[in-house]
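Where a number appears in this text, it was derived from the coordinates with a stated rule and is not lab data. Since the model is a prediction, treat every value here as computed from it, not as a measurement. Using ideal geometry, Cβ is built from the backbone for each residue, glycine included, and neighbour counts are taken over all protein chains shown.
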Amino acid sequence: MRDNLRILRHAALVAFQDLQGVYSWRSWIVEWLTRAAGQIVFFVMIRRLVGSTQAVHFLLVGNVVAIAGRSIFLAVPSTVWERYAGTLPLLIAAPASPVVVFLGRSVEWIVDGFVSSVIALALLAPVFDLVLPWPRVLLFLPLMLITCLSVYMLATFFGSLALRLVNGRNLIGITMSTTLLVFCGVNVAMQTMPVVIRTIAQFVPLTHGLLGVRVLLDGSPLARVLEQGAAELGVGLLWGAIAISSFRHFAEGGRRDGSIEFGS
Amino acid sequence: MTIALRAAFRLQIQIIKRIPDYMTHQVTSPLLTVVFLLIVRQSGRTELVPFAVVGPVLIGLWATSLFIAGEVITGDRGSGVFEALVATPAPLPALVLGRVAATTLLGLVTFAETWFVVVVVMREPLAVPHPAIFLVALAATAAAMSGHAVLMAATFVLGESSRPFQRALSWPFYLLGGVMVPVALLPGWVQPLSRGIFLSWSGGLLRDALAPGPVTHLAPRLGVILLLGGIALAAGFLLTGRMVARARSIGTMTYA
């Protein structure tokens, strides 16, 4: 256990070094935050085209939460970076489980996604007249953290698939973060979606977290917020187990047929 | 010139076929179409369906150019073939334009996909009251896109990485370019800026071609789209030429 925590810590250190290679503080604010705000405002403006102020708030909250998913799905390409760095065969050959490394080596995107959503809510709520109920709005922080962790588990699972399709890493990551916009009630209320989509959405990270944020902000009883937070955590754990199993399968398959460094 | 253009076009098609990542926006465009259409449906304003068609098409076209065509020169520099490319007698602008044209063609695939999603998957009736105007507007948009893609390729190479340009020119640009929400609904101070982006003219014309009313000022609107595309193309050629001349003179053709 202690060894695994040590490996996880070192993997996280690598992750944050990677993040510093992608962004400086300045470029994170100027480039990423502007891009994220641009995406949120883009969707909110669609409601300005078609609907009411209430609908604007629905879209604002949905896209503020969903923007974290856009960041976190960068875990898919960053998992594959291990392959580009040439460290993948070493990780597989090492006595420690490579699964622990993969679970830790993209955690920078959890922080990136979490901070992006928090800042987006703080900046855009006043712009679109969304009242944030004080002090219960503070519960947005733990709820968002659970949501980010849950989405990260899904992203690492797809990262494990991307290790088998290196040239499709961005395709997989961007497609999945866009799919969240369709399935998780980000832009359209879940009750208006077909039953099949609603059923699938129950097992997709972000759905319950977003619902929790919505009930938190509309003043519903806190028990409902906790219920959705627990459901989001449960879905995250489910995907975490699937991701671990997928990484193990990849490592064992690669050891068996020598394909670790020769995927497409 | 023509041989170089055709060879570059064929090369880019081969590259696109081999890299799944290059199909990203062809995969995400149908998803965005579903999102836009669901928003329009939920509002009950089905007369806005053309907005849900034109938006993903323009986003797909722009994003494909931004992420593939924009990296044509930086990619060649990174892989070390740029020096050899410049040393050949073929004119570099023709090579860039040929590759960019192939990318634009890929971007146009999103148009067929969007149409399929709206009409077949979502079963939304979609009339085209002005088919000729729609096709002409789409062709003008594709031409202007190619011009802008050449400019992107020439500009991105000036930075250390293409990523800052790609981030800045994605969603904030779709918003400013009125690809889904018309420029008239944006804040007044933004509108002059939006008018300088060809996507705003293309979006307006394509939406009008899908609406039952008459399409007014067709020629001038088409003219603006082509003019903005032409300006971008000329600037792209000029920048490419200067970049090569400077790199030749100071010996920095590839990364030091």
Length-normalised contact order of chain A, Cα under 8 Å, at least 6 apart, in percent, tallies to 25
The helix B:24-43 Cα axis meets the longest alpha-carbon principal axis of chain B at an angle in degrees, between 0 and 90 and rounded to 10, of 20
Scoring chain B by relative contact order with C-alpha pairs under 8 Å, at least six apart, yields a percentage of 26
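As an exercise, identify the chymotrypsin sites (Phe, Trp or Tyr not before Pro) in region A:227-263 lying in DSSP coil whose Cβ has no more than 15 other Cβ atoms within 10 Å.
Numbers: sites: A:Trp239, A:Phe247, A:Phe250, A:Phe262; in loops: A:Phe262.
Filter output for region A:227-263: A:Phe262.
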Pseudo-spin-label distance B:Glu47 to A:Trp134, built 7 Å along Cα→Cβ, given in nm, is 4.4
Note to self: C-alpha centroids of region A:189-264 and region B:43-95 sit apart, in Å, by 33
Along the dipole axis of the protein assembly as shown (charges at Cβ: +1 for Lys and Arg, -1 for Asp and Glu; origin at the Cα centre), the most positive-end residue among B:Gln26, A:Ala223, A:Leu143 is B:Gln26
Each label sits 7 Å from Cα toward the beta-carbon; between B:Ala127 and A:Leu237 the label points are separated, in nm, by 5.7
